[in-house]
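Any read-out appearing in this document is the output of simple, stated calculations on the displayed coordinates, not a laboratory observation. Small disclaimer: the values here were computed from a predicted structure and weren't measured. Note: ideal-geometry Cβ built from the backbone for every residue, glycine included; neighbour counts use all protein chains shown.
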Amino acid sequence: MPMLASGEVVTSRHGRSLTPFPAVKGQSSRSLRNALAAIDIWLITNAIADAEAARDEFVATQFRHISPKNVSPADRDALNMYLFG
């Protein structure tokens, strides 16, 4: 997946425009943690919306059960694969 810039709007593999990518300000470890948390939330919400738009309730249900406070590398991989192939 290519790198995304803050505020960039991309299209999912299903042809749906996603919400703007969150701002990433990496001045300190705290701001980097906050940015990663915002990216996780962005991935989850956009993957759920994309699955719902594709009427893929099976996948949408799985994504709804991902905790934004505890996203595993496997969760991130699944979200990215669903959104971008």
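What ranking of 32, 18 emerges when the number of other C-beta atoms within 10 Å of each C-beta is taken as an exposure proxy, fewest first? Mind dumping the intermediate values first?
On the way: 32 13, 18 20.
Neighbour counts put them in this order, fewest first: 32, 18.
Given the choices (i) 3, 10, 16, 17, 13, 10, 7, 5, 5, 4, 3, 3, 2, 1, 0; (ii) 3, 15, 25, 26, 19, 8, 3, 1, 0; (iii) 3, 14, 24, 20, 14, 11, 8, 4, 2, 1, 0, 0, P(r) over Cα pairs in 5 Å bins from 0, in percent derived from the coordinates of this structure is entry (ii). Between residue 54 and residue 41, the simple label model (points 7 Å from Cα in the Cβ direction) yields a spacing of 2.5 nm. Which parts of the stretch 13-32 would a label at residue 67 reach, counting a residue when its backbone N lies under 18 Å from a point 7 Å out along Cα-to-Cβ? Residues passing the 18 Å test: none.
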